[in-house]
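Read-outs: derived from the displayed coordinates by stated rules, not from any lab. Given the structure is predicted, the values throughout are model-derived calculations rather than measurements. Cβ placement follows ideal geometry from the backbone for every residue including glycine, while neighbour counts extend to all protein chains displayed.
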Amino acid sequence: MAKIVLRVRLIGGERLDVTYEDPDAGSSDEVTERALDTLAQDYGVLRAEHGGRLMVLYGRGVAAVEVAPRGAVI
């Protein structure tokens, strides 16, 4: 099971960090691709966690997504 952290900017301008994990993915790269593919769909819905609570993100409400860095940023 791989887990990633996404920084999401919503259409209204708010930002939040959510944790998304996929039990079927083997690496964090696969999880990233699945999350972005889901949010790119017209009716894409992504279940994530924010502060230990379930958060449901609808692709229509997301303006931008940033994936947490996996190493040193140079």
Checklist entry - What does the charge dipole of the chain about its Cα centre add up to, to the nearest 20 debye, if the Cβ of each Lys and Arg holds +1 and the Cβ of each Asp and Glu holds -1? => result 320
Next on the checklist: What's the ranking of 37-45, 2-10 by average number of surrounding C-beta atoms within 10 Å, highest first?
Outcome noted: 2-10, 37-45
Item to check | Within the chain, helix-based [θ] at 222 nm, where runs of 4 or more DSSP H residues each add -39,500 (n - 2.57), nearest 500 | outcome: -5500 deg cm²/dmol
Next on the checklist: If you average 1/r across every pair of different Cα atoms in region 2-67 and take the reciprocal, what Kirkwood value do you get, in Å?
Outcome noted: 11.8
